[in-house]
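First comes the structure, then the notes that go with it.
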Amino acid sequence: MKAVLTLFFLLCFFSSKVYAQACIGFEIETTPLIILPECNDTSGTVLFSNTRGGRPPYTFSFNGSSNQFGSFANLPVGIYELIIEDTRGCADTFNIDMTYTDIEDIIKPNNAFTPNDDGFNDTWYIPGIESFVGTEVIVFNRWGQKVHNNTRYANDSGWDGRQAGLQLPTGTYFYIIEITNNCIEQQLTGTVTIIR
């Protein structure tokens with residue numbers, strides 16, 4: 001009996017040592033494709049692809065379920081933990097952020113432009129605005145008069161510093177950008193300067 005226990009102990013020790021050696025320096029890489037849920041419902045999807053490292057096939061454990069395809073659906077907004085385990089039992093853990101980003105972190109309007117028809121910086125460029133559909137941009141002069149209104153703003157045909165075809169003078173103008181983000185109407189405000 002003692003010999004059997006000793007053999008069992010040695011086998012366990014050897015197995016754990018082999019496992020530890022196999023997982024030293026172990027690292028898995030994967031690429032998540034995230035489709036956020038609409039209007040905070042449970043229509044979110046995440047698909048993990050280009051998984052490499054370790055020894056395939058992999059088991060993906062995510063939001064309480066596991067599979068070998070790396071595809072999970074019917075997810076609400078949230079931050080999830082993903083565990084990928086290879087065929088040897090070595091595992092790596094990831095945090096997956098399935099939350100909406102504040103518009104201030106996506107849309108960062110340039111604060112000046114030079115509409116002098118030199119082919120450079122002639123229109124107001126608003127990085128990130130292409131991430132939203134149906135964005136309205138309204139611009140006012142210093143007296144609060146509306147000088148520009150575009151209900152489908154696009155950078156390739158952005159504001160050229162004109163009102164009704166006439167050039168507006170050099171100066172600072174105030175803008176409101178109205179956006180629907182996750183079915184919530186939001187506004188971004190600030191100033192933009194025309195330099196001639």
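The values are calculated or read from the model by the stated rules, or taken from the named source; none is laboratory data. Everything numeric here is computed off the predicted structure, so don't read it as measured data. Positions of Cβ are generated from backbone atoms using ideal geometry, with glycine treated the same way; all protein chains shown enter the neighbour counts.
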With respect to the numbered conditions (1) of a type in the set (D, E, K, R); (2) assigned by TED's automatic domain parsing to the domain that holds Ser43; (3) modelled with pLDDT of 95 or more, which one is the sole condition not fulfilled by Arg88? (3)
Would you say Glu185 is without any contact (Cβ under 8 Å) to a residue 24 or more places away in the chain, under 21 Å from the mean Cα position of the chain (by Cα) and closer than 30 Å to Val77 by Cβ? yes
Scan the stretch 121-149 for residues that are over 26 Å from the mean Cα position of the chain (by Cα), modelled with pLDDT under 95 and under 20 Å from Ile103 (Cα atoms) and jot them down. none
Please state which of the following conditions Phe94 fails to meet, knowing it meets all the rest: (1) touching a strand residue (DSSP E or B) at 6+ places or on another chain (Cβ under 9 Å); (2) assigned by TED's automatic domain parsing to the domain that holds Asn155; (3) touching a residue at least 12 places away in the same chain (Cβ under 8 Å). (2)
Residue ranges of strands (runs of 3 or more DSSP E) in the stretch 102-196 with at least 2 members over 30 Å from Cys39 (Cα atoms): 146-150, 171-181, 184-194
Which one is surrounded by the most Cβ atoms within 10 Å (Cβ to Cβ) among residues in the stretch 150-177 that are at pLDDT 95 or above and farther than 23 Å from Asn116 by Cα? Ile177
Could you grab the pairs with beta carbons closer than 7 Å, sequence gap of 6+ or different chains, first residue in the stretch 45-58 and loosely packed, with under 15 Cβ neighbours inside 10 Å, second one of a type in the set (Lys, Arg)? Arg55/Arg88
Single residue of the stretch 97-116 satisfying the filter (surrounded by fewer than 19 Cβ atoms within 10 Å (Cβ to Cβ) and among the aliphatic types (A, V, I, L, M)) that is nearest to the chain's Cα centre (by Cα): Ile106
Among the residues of the stretch 78-86, are any touching a Leu at 6+ places or on another chain (Cβ under 6 Å) and of a type outside the set (Lys, Arg)? no
Conditions first: (1) touching a strand residue (DSSP E or B) at 6+ places or on another chain (Cβ under 7 Å); (2) surrounded by fewer than 17 Cβ atoms within 10 Å (Cβ to Cβ); (3) modelled with pLDDT of 95 or more. Gln186 passes all but one, so which condition is the exception? (3)
For residues that are surrounded by 14 or more Cβ atoms within 10 Å (Cβ to Cβ) and not in a strand (DSSP E or B), scanning just the stretch 61-75, find the one that is modelled with the highest pLDDT. Gly70
Mind counting the residues in the stretch 149-161 that are in contact (Cβ under 8 Å) with a residue 24 or more places away in the chain and of a type outside the set (A, V, I, L, M)? 7
